[in-house]
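*Asks:* Below is the structure I would like to discuss, written out as C-alpha coordinates.
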Amino acid sequence: MEAVGIVVGIVALFVLGLIALMVVAAVKAGKAVSRKVEQHGTQARRAVEDATLRARKYTQTGPQGRIAALRLEVRDSLAGTRRVLESGVTGDPQLAEALHLLAQLDEHAQALDGELRLLERETGTRRLDAKLPELRERADRITHAAESLRWAAQDRAQHFSDSELIRLSRECETEAGALRHWTPTAAGAAGAAGAAGAAGTAGAAAAGGAADGASAGSGAEEQRRQRRGLAAGRGVSAAEALGLGDPRLRLADRLRKPRPDPGTPTAR
(Lines give C-alpha, C1' and ligand atoms only; values in the text may rest on other atoms or scores of the structure.)
Protein backbone atom coordinates (compact mmCIF):
# COMPACT_ATOMS: atom_id res chain seq x y z
CA MET A 1 0.00 0.00 0.00
CA GLU A 2 2.80 2.38 0.82
CA ALA A 3 4.39 1.76 -2.60
CA VAL A 4 1.08 2.50 -4.34
CA GLY A 5 0.72 5.72 -2.35
CA ILE A 6 4.23 6.82 -3.35
CA VAL A 7 3.54 6.12 -7.03
CA VAL A 8 0.26 8.02 -6.88
CA GLY A 9 2.00 10.97 -5.20
CA ILE A 10 4.71 11.04 -7.87
CA VAL A 11 2.12 10.93 -10.67
CA ALA A 12 0.15 13.73 -8.99
CA LEU A 13 3.26 15.90 -8.69
CA PHE A 14 4.09 15.24 -12.32
CA VAL A 15 0.58 16.22 -13.41
CA LEU A 16 0.67 19.38 -11.29
CA GLY A 17 4.05 20.30 -12.80
CA LEU A 18 2.67 19.89 -16.31
CA ILE A 19 -0.35 22.02 -15.46
CA ALA A 20 1.88 24.75 -14.01
CA LEU A 21 4.07 24.75 -17.11
CA MET A 22 1.01 24.96 -19.35
CA VAL A 23 -0.36 27.88 -17.33
CA VAL A 24 2.97 29.75 -17.51
CA ALA A 25 3.24 29.11 -21.24
CA ALA A 26 -0.33 30.29 -21.80
CA VAL A 27 0.31 33.48 -19.80
CA LYS A 28 3.49 34.24 -21.74
CA ALA A 29 1.77 33.54 -25.05
CA GLY A 30 -1.12 35.80 -24.08
CA LYS A 31 1.24 38.62 -23.13
CA ALA A 32 3.16 38.24 -26.39
CA VAL A 33 -0.04 38.30 -28.40
CA SER A 34 -1.29 41.34 -26.49
CA ARG A 35 1.99 43.15 -27.09
CA LYS A 36 1.82 42.39 -30.79
CA VAL A 37 -1.81 43.48 -30.98
CA GLU A 38 -1.02 46.64 -29.07
CA GLN A 39 1.98 47.32 -31.25
CA HIS A 40 0.01 46.79 -34.43
CA GLY A 41 -2.85 48.81 -32.97
CA THR A 42 -0.49 51.66 -32.10
CA GLN A 43 1.01 51.58 -35.58
CA ALA A 44 -2.46 51.54 -37.10
CA ARG A 45 -3.62 54.47 -34.96
CA ARG A 46 -0.45 56.36 -35.79
CA ALA A 47 -0.94 55.75 -39.50
CA VAL A 48 -4.53 57.00 -39.26
CA GLU A 49 -3.45 60.06 -37.31
CA ASP A 50 -0.70 60.84 -39.82
CA ALA A 51 -3.16 60.60 -42.67
CA THR A 52 -5.58 62.87 -40.80
CA LEU A 53 -2.87 65.44 -40.08
CA ARG A 54 -1.81 65.46 -43.71
CA ALA A 55 -5.35 66.08 -44.73
CA ARG A 56 -5.72 68.93 -42.21
CA LYS A 57 -2.40 70.42 -43.31
CA TYR A 58 -3.62 70.91 -46.86
CA THR A 59 -7.33 71.52 -46.22
CA GLN A 60 -7.49 73.72 -43.13
CA THR A 61 -6.17 77.25 -42.89
CA GLY A 62 -5.25 79.38 -39.92
CA PRO A 63 -3.93 78.06 -36.58
CA GLN A 64 -5.45 74.59 -36.99
CA GLY A 65 -3.57 74.04 -40.25
CA ARG A 66 -0.30 75.26 -38.73
CA ILE A 67 -0.74 73.03 -35.70
CA ALA A 68 -1.41 70.00 -37.91
CA ALA A 69 1.70 70.76 -39.98
CA LEU A 70 3.79 71.15 -36.81
CA ARG A 71 2.62 67.84 -35.35
CA LEU A 72 3.27 66.07 -38.66
CA GLU A 73 6.76 67.60 -38.91
CA VAL A 74 7.74 66.31 -35.45
CA ARG A 75 6.34 62.85 -36.15
CA ASP A 76 8.09 62.52 -39.51
CA SER A 77 11.42 63.66 -38.07
CA LEU A 78 11.34 61.14 -35.23
CA ALA A 79 10.15 58.31 -37.49
CA GLY A 80 12.89 58.95 -40.04
CA THR A 81 15.58 59.05 -37.35
CA ARG A 82 14.26 55.82 -35.82
CA ARG A 83 14.40 54.02 -39.18
CA VAL A 84 18.00 55.10 -39.80
CA LEU A 85 19.21 54.12 -36.33
CA GLU A 86 17.40 50.77 -36.26
CA SER A 87 18.73 49.83 -39.69
CA GLY A 88 22.32 50.64 -38.72
CA VAL A 89 22.45 49.34 -35.14
CA THR A 90 23.05 45.75 -36.32
CA GLY A 91 26.33 46.71 -38.00
CA ASP A 92 27.32 49.48 -35.56
CA PRO A 93 26.54 48.72 -31.88
CA GLN A 94 27.38 52.31 -30.86
CA LEU A 95 24.08 53.44 -32.38
CA ALA A 96 22.28 51.73 -29.48
CA GLU A 97 23.03 54.76 -27.28
CA ALA A 98 21.57 57.01 -29.96
CA LEU A 99 18.43 54.86 -29.96
CA HIS A 100 18.18 55.28 -26.19
CA LEU A 101 18.42 59.06 -26.56
CA LEU A 102 15.83 58.96 -29.32
CA ALA A 103 13.46 57.09 -26.99
CA GLN A 104 13.81 59.86 -24.41
CA LEU A 105 13.30 62.45 -27.14
CA ASP A 106 10.17 60.62 -28.24
CA GLU A 107 8.69 61.04 -24.75
CA HIS A 108 9.07 64.81 -25.04
CA ALA A 109 7.58 64.66 -28.51
CA GLN A 110 4.54 62.78 -27.20
CA ALA A 111 4.05 65.36 -24.49
CA LEU A 112 4.30 68.13 -27.08
CA ASP A 113 1.88 66.33 -29.37
CA GLY A 114 -0.64 66.10 -26.55
CA GLU A 115 -0.42 69.85 -25.91
CA LEU A 116 -0.78 70.58 -29.63
CA ARG A 117 -3.82 68.28 -29.79
CA LEU A 118 -5.44 70.24 -26.97
CA LEU A 119 -4.54 73.51 -28.65
CA GLU A 120 -6.35 72.40 -31.81
CA ARG A 121 -9.60 72.45 -29.84
CA GLU A 122 -8.99 75.92 -28.53
CA THR A 123 -11.38 78.47 -29.97
CA GLY A 124 -9.82 81.63 -28.62
CA THR A 125 -7.36 83.26 -30.97
CA ARG A 126 -5.45 84.96 -28.14
CA ARG A 127 -4.68 81.61 -26.52
CA LEU A 128 -3.55 80.21 -29.86
CA ASP A 129 -1.39 83.22 -30.63
CA ALA A 130 0.20 83.08 -27.16
CA LYS A 131 0.90 79.34 -26.97
CA LEU A 132 1.74 78.53 -30.58
CA PRO A 133 5.18 80.26 -30.74
CA GLU A 134 6.29 78.55 -27.54
CA LEU A 135 5.18 75.14 -28.78
CA ARG A 136 6.77 75.88 -32.14
CA GLU A 137 10.12 76.49 -30.44
CA ARG A 138 9.89 73.21 -28.52
CA ALA A 139 9.00 71.38 -31.70
CA ASP A 140 12.01 72.90 -33.45
CA ARG A 141 14.30 71.74 -30.63
CA ILE A 142 12.95 68.20 -30.81
CA THR A 143 13.18 68.15 -34.60
CA HIS A 144 16.71 69.53 -34.61
CA ALA A 145 17.85 66.98 -32.01
CA ALA A 146 16.32 64.12 -33.98
CA GLU A 147 17.84 65.37 -37.23
CA SER A 148 21.24 65.71 -35.54
CA LEU A 149 21.14 62.03 -34.55
CA ARG A 150 19.99 61.00 -38.02
CA TRP A 151 22.61 63.05 -39.84
CA ALA A 152 25.37 61.82 -37.52
CA ALA A 153 24.37 58.20 -38.13
CA GLN A 154 24.32 58.79 -41.89
CA ASP A 155 27.74 60.49 -41.83
CA ARG A 156 29.11 57.67 -39.70
CA ALA A 157 27.84 55.04 -42.13
CA GLN A 158 29.25 57.00 -45.07
CA HIS A 159 32.62 57.33 -43.33
CA PHE A 160 32.77 53.60 -42.72
CA SER A 161 31.80 52.94 -46.33
CA ASP A 162 34.51 55.30 -47.62
CA SER A 163 37.14 53.74 -45.34
CA GLU A 164 36.15 50.25 -46.43
CA LEU A 165 36.23 51.31 -50.08
CA ILE A 166 39.71 52.82 -49.69
CA ARG A 167 41.01 49.66 -48.01
CA LEU A 168 39.42 47.47 -50.66
CA SER A 169 40.90 49.60 -53.45
CA ARG A 170 44.39 49.23 -51.94
CA GLU A 171 43.98 45.47 -51.70
CA CYS A 172 42.81 45.32 -55.33
CA GLU A 173 45.84 47.34 -56.46
CA THR A 174 48.17 45.07 -54.50
CA GLU A 175 46.58 41.96 -56.00
CA ALA A 176 46.75 43.46 -59.50
CA GLY A 177 50.49 44.12 -59.02
CA ALA A 178 50.98 40.55 -57.84
CA LEU A 179 49.14 39.23 -60.90
CA ARG A 180 51.40 41.27 -63.20
CA HIS A 181 54.53 39.79 -61.56
CA TRP A 182 55.46 36.76 -63.68
CA THR A 183 58.57 35.70 -61.70
CA PRO A 184 58.14 32.08 -60.59
CA THR A 185 57.41 31.62 -56.96
CA ALA A 186 59.72 29.90 -54.50
CA ALA A 187 57.89 26.61 -54.88
CA GLY A 188 58.16 26.79 -58.70
CA ALA A 189 61.86 27.68 -58.50
CA ALA A 190 62.50 24.79 -56.13
CA GLY A 191 60.65 22.45 -58.50
CA ALA A 192 62.69 23.67 -61.48
CA ALA A 193 65.94 23.29 -59.54
CA GLY A 194 64.92 19.77 -58.51
CA ALA A 195 64.14 18.87 -62.14
CA ALA A 196 67.50 20.26 -63.29
CA GLY A 197 69.30 18.34 -60.54
CA ALA A 198 67.48 15.15 -61.51
CA ALA A 199 68.43 15.70 -65.17
CA GLY A 200 72.07 16.30 -64.21
CA THR A 201 72.10 13.18 -62.07
CA ALA A 202 70.64 11.15 -64.93
CA GLY A 203 73.25 12.57 -67.34
CA ALA A 204 76.06 11.79 -64.93
CA ALA A 205 74.73 8.28 -64.47
CA ALA A 206 74.56 7.84 -68.26
CA ALA A 207 78.13 9.15 -68.67
CA GLY A 208 79.35 6.85 -65.90
CA GLY A 209 77.61 3.92 -67.60
CA ALA A 210 79.28 4.78 -70.91
CA ALA A 211 82.67 5.03 -69.22
CA ASP A 212 82.11 1.70 -67.51
CA GLY A 213 81.10 0.21 -70.83
CA ALA A 214 84.24 1.57 -72.48
CA SER A 215 86.40 0.25 -69.66
CA ALA A 216 84.69 -3.11 -69.89
CA GLY A 217 85.26 -3.13 -73.67
CA SER A 218 88.96 -2.30 -73.32
CA GLY A 219 89.33 -4.95 -70.63
CA ALA A 220 87.67 -7.51 -72.90
CA GLU A 221 89.95 -6.57 -75.79
CA GLU A 222 92.98 -6.93 -73.56
CA GLN A 223 91.76 -10.33 -72.43
CA ARG A 224 91.31 -11.39 -76.06
CA ARG A 225 94.84 -10.27 -76.85
CA GLN A 226 96.20 -12.19 -73.92
CA ARG A 227 94.29 -15.27 -75.03
CA ARG A 228 95.76 -14.99 -78.56
CA GLY A 229 99.24 -14.57 -77.10
CA LEU A 230 98.83 -17.60 -74.90
CA ALA A 231 97.44 -19.58 -77.78
CA ALA A 232 100.50 -18.62 -79.89
CA GLY A 233 102.84 -19.53 -77.02
CA ARG A 234 101.16 -22.89 -76.63
CA GLY A 235 101.80 -23.60 -80.40
CA VAL A 236 105.72 -23.43 -80.04
CA SER A 237 107.29 -26.67 -78.85
CA ALA A 238 110.45 -27.01 -76.75
CA ALA A 239 112.44 -28.69 -79.61
CA GLU A 240 111.63 -25.88 -81.94
CA ALA A 241 112.65 -23.37 -79.31
CA LEU A 242 116.10 -25.15 -79.00
CA GLY A 243 116.63 -25.50 -82.78
CA LEU A 244 116.45 -29.29 -82.72
CA GLY A 245 113.36 -29.77 -84.70
CA ASP A 246 114.69 -28.42 -88.04
CA PRO A 247 117.05 -30.86 -90.04
CA ARG A 248 118.77 -28.00 -91.76
CA LEU A 249 119.80 -26.55 -88.46
CA ARG A 250 121.24 -29.86 -87.32
CA LEU A 251 123.24 -30.21 -90.60
CA ALA A 252 124.65 -26.70 -90.21
CA ASP A 253 125.82 -27.53 -86.70
CA ARG A 254 127.63 -30.59 -87.91
CA LEU A 255 129.41 -28.71 -90.66
CA ARG A 256 130.58 -26.09 -88.19
CA LYS A 257 132.31 -28.71 -86.02
CA PRO A 258 136.13 -29.17 -86.85
CA ARG A 259 137.19 -32.42 -88.49
CA PRO A 260 139.63 -34.52 -86.41
CA ASP A 261 143.28 -35.01 -87.58
CA PRO A 262 144.00 -38.58 -88.96
CA GLY A 263 147.23 -38.81 -87.04
CA THR A 264 145.66 -37.86 -83.83
CA PRO A 265 144.74 -40.85 -81.87
CA THR A 266 141.16 -40.98 -80.87
CA ALA A 267 140.24 -41.35 -77.38
CA ARG A 268 138.93 -44.58 -76.39
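The values are calculated or read from the model by the stated rules, or taken from the named source; none is laboratory data. What you see is a predicted model; the values in this text were computed from it and never measured. With ideal geometry, Cβ positions are generated from the backbone for all residues, glycine too; neighbour counts draw on all protein chains shown. Note: areas computed on protein heavy atoms with side chains; ligands, DNA, RNA excluded. Shrake-Rupley method; radii C 1.70, N 1.55, O 1.52, S 1.80 Å.
*Asks:* As a test of reading the structure, rank R56, R45, R150 by solvent-accessible area (1.4 Å probe, protein chains only), most first.
*Replies:* Details: R56 80, R45 140, R150 40 Å².
Descending accessible area places them as R45, R56, R150.
*Asks:* Order E164, E107 by their accessible area, 1.4 angstrom probe, all chains in place, largest first.
*Replies:* On the way: E164 90, E107 125 Å².
Of E164, E107, the descending order of accessible area is E107, E164.
*Asks:* Right, here's the next one. Using a 1.4 angstrom probe on the protein heavy atoms only, line up D162, D50 by accessible area, largest first. List each step's numbers first, then the result.
*Replies:* Working: D162 75, D50 30 Å².
Correct descending sequence by accessible area is D162, D50.
*Asks:* Taking the convex hull of the alpha carbon atoms in the range 1-110, what volume per residue do you get, in Å³? Can you show the working numbers first?
*Replies:* Details: hull volume 17.5 nm³, N = 110.
It is 159 Å³ per residue.
*Asks:* Then there's this: Among G62, L102, L78, which residue has its Cα furthest toward the positive end of the charge dipole of the range 42-126, with +1 on Lys/Arg Cβ and -1 on Asp/Glu Cβ?
*Replies:* The residue sitting most towards the positive pole is G62.
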